Amino acid sequence: MTNVKGKWALITGASRGLGYHMALAMAKEGCNLVLHSRDVKNTEKVLSEVKALGVEAYSIAAELSDLNAVEKMLDEIESKTQIDILFNDAAVQIAYRTEPFTTPAEDYSASFVINTIAPMMICYRLLPKMIKRGFGRIINTTSGIKDDPHQAGYSASKAALDKVTIDLATITNGTDVIVSLVDPGWCRTDLGGPNAFHAPEDALPGMVVGAFVNDKKSGRLFSAQEFSGLSLQDAVAKAETK
């Protein structure tokens, strides 16, 4: 199992929901953190909590729909920190269209910028440096959504993220730079809504196993709910059988 103590992880969407719980889980393992949200005020709580666990951490802000802001965020991060682990967790569900045939084009364009293009721009910026150093982990959060034309923009953007992530993973497969996807399941977050099957906590430790696997296998999709209730060590052992 990979030892992340002293390494630096960037978590997008760290202020709430799954990102918040992932930040705490990584801090408990001694991983230093860069906590992204739209406004640094949003991460004040989680920043205080992870620092209390004894790790270094700071907050960063960027609106992911603004790709120039994403580039400026990465400039600022790289002026301070070498990122070893990337969790692309932030996402948006634009709308639930009760009449699918009236779905506007903007549902697709807005969804793709935040859910597909921004995370891949972050990957393209950080991955070459991970390859050069010989270590890195990228974990992109996807969705198991299917058979739901009412959320077409969201589901299409996540399907696209799956495709480009798996294709990108072929570059690093067989090395200690491991690229993975993780599906949290339907969780009661701001995005998932109050009627979802699972509490956000149920997605741990599955949401972070991709940071700890140590078998040089890229391109896997981890279903977080399969690891619910396991210790981190047992979850990683199970993940490495995939």
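The values are calculated or read from the model by the stated rules, or taken from the named source; none is laboratory data. None of these values were measured; they are calculated from a predicted model. Using ideal geometry, Cβ is built from the backbone for each residue, glycine included, and neighbour counts are taken over all protein chains shown. Accessible surface is based on the protein model in full, side chains and every heavy atom, while ligands, DNA and RNA are left aside. Shrake-Rupley method; radii C 1.70, N 1.55, O 1.52, S 1.80 Å.
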Inset, instruction - Quick one: grab Rg to one decimal and Dmax as a whole number for region 97-163, Cα atoms only, in Å. - result: 14.9, 50
Inset, instruction - Report the one residue of I94, V40, A57 whose Cα lies farthest in the direction of the positive end of the charge dipole of region 15-157 (charges on C-beta: Lys and Arg +1, Asp and Glu -1; origin at the Cα centre). - result: A57
Inset, instruction - Let me see the pair-distance distribution of the chain: every alpha carbon pair, 5 Å bin width, integer percents in order. - result: 1, 7, 15, 19, 22, 18, 11, 5, 2, 1, 0
Inset, instruction - Ratio to report: Rg/Rh of region 43-184, with Cα atoms as the point set and Rh obtained by the Kirkwood method; give two decimals. - result: 1.01
Inset, instruction - List the equivalent ellipsoid semi-axes of region 66-115 in whole Å, largest first, each obtained as the square root of 5λ for an eigenvalue λ of the Cα gyration tensor. - result: 32, 12, 6
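Please get the size of the charge dipole for the chain, origin at its Cα centre, with Cβ charges of +1 on Lys and Arg and -1 on Asp and Glu, quoted in debye to the nearest 20. Spell out each step's value before the answer.
Details: 25 positive and 29 negative charges, 132 e Å.
It works out to roughly 640 debye.
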Inset, instruction - With a 1.4 Å probe and all protein chains in place, put R137, R97 in order of accessible area, largest first. - result: R97, R137
Inset, instruction - Give the residue from A105, L168, Q151 lying farthest towards the positive end of the charge dipole for region 80-205; charges sit on Cβ (+1 for Lys and Arg, -1 for Asp and Glu) and the dipole is referred to the Cα centre. - result: L168
Inset, instruction - Could you list which residues have their amide H under 5 Å from that of V182, counting only those 5 or more apart in sequence or on another chain, with H placed in the peptide plane? - result: N140, T141, T142, F222
Inset, instruction - Just check region 110-242 against the gyration tensor rule for me: Cα atoms, a ≥ b ≥ c as the square roots of the eigenvalues, rounded for a/c under 1.5, and otherwise prolate or oblate depending on whether a/b exceeds b/c. - result: oblate
Legend entry - Spatial separation of Cα centroids for region 91-105 and region 210-227, in angstrom: 31 Å
